[in-house]
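The structure under discussion appears below in the form of structure tokens.
What follows draws every value from the coordinates through simple rules; no lab data is involved. Here the structure is a predicted model, which means the values were calculated and not measured.
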Amino acid sequence: MGYYIDPLNISKEEFLSTYGKLWDESQPFSQVPHGMLPVCLIDNLAFTAAAICNMPREYDCFRFDRTGRYKQFYIVPVQFLQEYL
């Protein structure tokens with residue numbers, strides 16, 4: 001199990017919209033800009049999760065997830081994610 005964002009003072013969605021940028025998940029991990037990491041916001045119905053994808057395998061697990069759950073990818077500067085790594 002990887003690292004997940006769970007900020008104390010704002011929601012995961014607010015964190016991602018403030019510090020992140022929407023990302024096209026069809027892009028391979030190798031295209032993620034230096035100093036940034038992809039984060040997958042995934043809706044688990046009862047709650048949302050924001051998974052930090054800090055390696056290609058983890059990124060691909062979320063990219064190719066076929067459970068039908070809504071997901072949206074962001075790229076976020078590592079400086080804002082360091083607290084969670």
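Coupling constants for segment 33-48 follow from the phi torsions by the Karplus curve (6.51 cos²θ - 1.76 cosθ + 1.60, θ = phi - 60°), and in residue order they are x, 4, x, 10, 9, x, 10, 9, 8, 10, 8, 9, 6, 7, 6, 9 Hz; glycine and proline get x.
Labels on offer are [x] 157; [y] 95; [z] 85, and the one holding volume of the Cα convex hull per residue in Å³ computed from this structure is [y].
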